[in-house]
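Student: For reference, the structure I am asking about is given below.
The values are calculated or read from the model by the stated rules, or taken from the named source; none is laboratory data. All values reported here derive from a predicted model rather than from experimental measurement. Cβ: placed from backbone, ideal geometry, glycine included. Neighbour counts: every protein chain shown.
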Amino acid sequence: MENKLKIVNGDILTPYKIIKGGSVLIESGKIVEVSQSYIDAPGAEVIDAQGNYVSPGFIDLHVHGGGGYDFMDRSVEAFLNIAELHAKHGTTAMCPTTLTSLKEDLIKTLHAYEEANKINTHGARFLGMHIEGPYFSMEQRGAQDPRYIRKPDPNEYKEILQWAHLISRWSAAPELDGAMEFARYLKSVGVLPAIAHTDAIYEEVQEAFENGYTLLTHFYSAMSGVTRRNAYRYAGVVESGYLIDELDVEIIADGVHLPVPLLQLIYKIKGPSRTALITDAMRGAGMGEGESILGDLKDGVKVIIEDGVAKLPDRTAFAGSVATADRLVRTIHKDAGIGLLETIQMITSTPARIIGLGDKKGSITIGKDADIVIFDEDINIINTIIEGKSIYQNEDFAERLIKSQSI
């Protein structure tokens with residue numbers, strides 16, 4: 001008998017409307033029916049959503065760590081613990097993200113990813129690595145370690161891209177020598193080129209877009225705006241994101257990296273179909289305030305977690321967020337006043353499309369993976385379901401949500 005799971009009595013967030021008191025039937029990890037009424041499914045396990053929201057699982061395209069771990073720890077343990085921590089906050093799929101480092105460390109991280117991916121059954125699923133750096137602008141490095149920042153080297157990146165099947169995206173500064181050739185090579189092996197930590201002007205971004213760079217990494221953060229050179233003003237990367245309609249942007253919507261007015265501006269111009277919410281979370285996510293490390297525990301950058309964000313010790317720059325996906329949704333919906341369906345689109349179907357998985361993930365639609373999150377009106381996560389299996393239940397709600405008997 002196929003494994004069946006039925007979610008009943010929930011307000012289902014579909015791509016177009018909210019189905020009040022609806023039902024979802026899952027078989028063998030796939031969504032097979034979505035209904036406004038009762039679904040007859042003998043033998044199915046039943047989850048009573050008790051009138052709470054039933055949403056597609058959250059997809060985080062840019063995350064470095066959490067729960068005291070960082071992917072640059074280069075261990076299977078780190079990968080699995082980060083995935084489990086973020087699943088508790090509604091993330092059902094993610095792109096584990098690196099930091100600027102030595103080539104050898106990147107390759108070790110890829111090997112750890114490959115091993116962890118084979119046994120990751122209790123956390124957010126991995127969608128391929130996001131290589132962030134080392135090909136960045138020194139002037140826009142932010143918290144990236146300057147010791148490892150360099151220009152694109154074909155011998156180096158072609159060696160790393162022998163593992164292209166493990167990599168989904170790579171972020172770089174397009175104004176660097178060799179950056180166009182780099183983007184074309186990424187596209188040839190199926191990896192998404194993204195723009196990050198860059199001092200480019202509009203004309204350089206336009207050329208980059210034409211060569212395959214279609215995503216702006218953590219929009220506004222570590223990128224140029226309007227600059228002046230020899231008395232003349234030039235539009236920067238931020239303005240390029242607005243001017244080039246087809247460019248996607250991802251935003252750290254923790255309410256700190258970008259204040260509410262900027263979140264509203266991005267939404268007004270780019271809209272939910274071109275904007276993805278990301279955590280950019282480092283190892284301090286899910287932890288308390290105090291000292292922490294960005295990147296490798298032995299050789300990473302010391303940071304301070306305070307005011308709901310990670311900062312460099314001298315407080316001159318942010319050093320990654322400590323947000324989780326539920327916080328992003330809460331900030332956009334509650335603080336920025338954006339509709340719930342549009343908010344959910346920015347953390348489900350839009351990132352799924354950007355990463356090339358729109359046909360499999362990102363919406364509660366028949367035939368797609370059964371990655372589902374149940375949350376209340378305050379965006380408190382009640383249940384996280386991945387590929388049809390409940391992997392996290394909020395203990396405060398578990399007894400009244402889960403019915404073990406068949407209906």
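Student: Any residue at all in the stretch 305-313 that's of a type in the set (Gly, Ala, Ser) and surrounded by 24 or more Cβ atoms within 10 Å (Cβ to Cβ)? Let's see the steps before the verdict.
Tutor: Going through the stretch 305-313, the residues of a type in the set (Gly, Ala, Ser) turn out to be 308, 310.
So of that shortlist, the ones also surrounded by 24 or more Cβ atoms within 10 Å (Cβ to Cβ) come out as 310.
Checked the stretch 305-313: at least one residue is of a type in the set (Gly, Ala, Ser) and surrounded by 24 or more Cβ atoms within 10 Å (Cβ to Cβ).
Student: Give me the residue from the stretch 289-298 that is at pLDDT below 90 and in contact with a strand residue (DSSP E or B) (Cβ under 9 Å, 6 or more places away or on another chain) and, out of that set, surrounded by the most Cβ atoms within 10 Å (Cβ to Cβ).
Tutor: Across the stretch 289-298, the extreme among qualifying residues is GLY295.
Student: Could you list, in sequence order, the residues of the stretch 170-188 that are within 18 Å of ILE149 (Cα to Cα) and either hydroxyl-bearing (Ser, Thr, Tyr) or touching a residue at least 60 places away in the same chain (Cβ under 8 Å) (or both)?
Tutor: SER171
Student: May I ask you to verify whether ILE391 is part of a loop (DSSP other than H, G, I, E, B), in contact with a helix residue (DSSP H, G or I) (Cβ under 7 Å, 6 or more places away or on another chain) and either hydrophobic (A, V, I, L, M, F, W, C) or more than 17 Å from ARG125 (Cα to Cα) (or both)?
Tutor: Values: part of a loop (DSSP other than H, G, I, E, B): no; in contact with a helix residue (DSSP H, G or I) (Cβ under 7 Å, 6 or more places away or on another chain): yes; either hydrophobic (A, V, I, L, M, F, W, C) or more than 17 Å from ARG125 (Cα to Cα) (or both): yes.
For ILE391, the condition - part of a loop (DSSP other than H, G, I, E, B), in contact with a helix residue (DSSP H, G or I) (Cβ under 7 Å, 6 or more places away or on another chain) and either hydrophobic (A, V, I, L, M, F, W, C) or more than 17 Å from ARG125 (Cα to Cα) (or both) - is not met.
Student: All but one of (1) touching a residue at least 40 places away in the same chain (Cβ under 8 Å); (2) surrounded by 19 or more Cβ atoms within 10 Å (Cβ to Cβ) hold for LYS389; which doesn't?
Tutor: (2)
Student: Taking the residues in the stretch 23-53 that are in contact (Cβ under 8 Å) with a residue 40 or more places away in the chain and of a type in the set (Val, Ile, Thr) as candidates, determine which candidate is surrounded by the fewest Cβ atoms within 10 Å (Cβ to Cβ).
Tutor: Ranking the qualifying residues of the stretch 23-53, first place goes to VAL32.
Student: While we're here: With in the same structural domain as SER168 (by TED's automatic domain parsing), under 25 Å from ALA143 (Cα atoms), of a type outside the set (A, V, I, L, M) and crowded, with 21+ Cβ neighbours inside 10 Å as the only criterion, which of HIS89, HIS64 stands out?
Tutor: Just one listed residue meets the conditions, HIS64.
Student: Could you grab me the full set of residues in the stretch 115-152 that are closer than 22 Å to MET180 by Cβ, more than 19 Å from the chain's Cα centre (by Cα), outside any helix (DSSP H, G or I) and of a type in the set (D, E, K, R)?
Tutor: Listed by number, the residues that qualify are ARG141, ARG150, LYS151.
Student: Hey, another quick one. Only one of LEU102, LEU176 is crowded, with 19+ Cβ neighbours inside 10 Å and not hydroxyl-bearing (Ser, Thr, Tyr); which? I'd like the intermediate steps shown before the answer.
Tutor: Working: LEU102 fails: crowded, with 19+ Cβ neighbours inside 10 Å.
The match here is LEU176.
Student: With the requirement that a residue be among the hydroxyl-bearing types (Ser, Thr, Tyr) and closer than 25 Å to GLU156 by Cα, what does the stretch 65-102 give you?
Tutor: Step one: of the stretch 65-102, the residues among the hydroxyl-bearing types (Ser, Thr, Tyr) are 69, 75, 91-92, 97-98, 100-101.
Within the stretch 65-102, SER75, THR97, THR98, THR100, SER101 meet the criteria.
Student: Taking the residues in the stretch 189-204 that are over 17 Å from the mean Cα position of the chain (by Cα) and in contact (Cβ under 8 Å) with a residue 40 or more places away in the chain as candidates, determine which candidate is surrounded by the most Cβ atoms within 10 Å (Cβ to Cβ).
Tutor: Taking the stretch 189-204 first, the residues over 17 Å from the mean Cα position of the chain (by Cα) are 189-190, 197-204.
Still in the running and in contact (Cβ under 8 Å) with a residue 40 or more places away in the chain: 197-200, 202.
Working: HIS197: 27, THR198: 30, ASP199: 19, ALA200: 26, TYR202: 18.
By that ranking, first place goes to THR198.
Student: For ALA276, are the conditions met, namely being closer than 24 Å to LYS187 by Cβ and touching a residue at least 60 places away in the same chain (Cβ under 8 Å)? Outline the logic, then answer.
Tutor: On the way: closer than 24 Å to LYS187 by Cβ: yes; touching a residue at least 60 places away in the same chain (Cβ under 8 Å): yes.
In short, yes.
Student: Given (1) closer than 30 Å to ASP376 by Cβ; (2) surrounded by fewer than 23 Cβ atoms within 10 Å (Cβ to Cβ); (3) not aliphatic (A, V, I, L, M), where does ASN117 come up short, assuming only one miss?
Tutor: (1)
Student: Quick check, is GLY57 crowded, with 24+ Cβ neighbours inside 10 Å and on the phi < 0 side of the Ramachandran plot?
Tutor: Values: crowded, with 24+ Cβ neighbours inside 10 Å: yes; on the phi < 0 side of the Ramachandran plot: yes.
Yes; evaluated as a whole, the condition is true for this residue.
Student: Report those helices (runs of 4 or more DSSP H) wholly inside the stretch 283-372 carrying at least 1 residues which are of a type in the set (Asp, Glu) and closer than 20 Å to GLU84 by Cβ.
Tutor: 325-330
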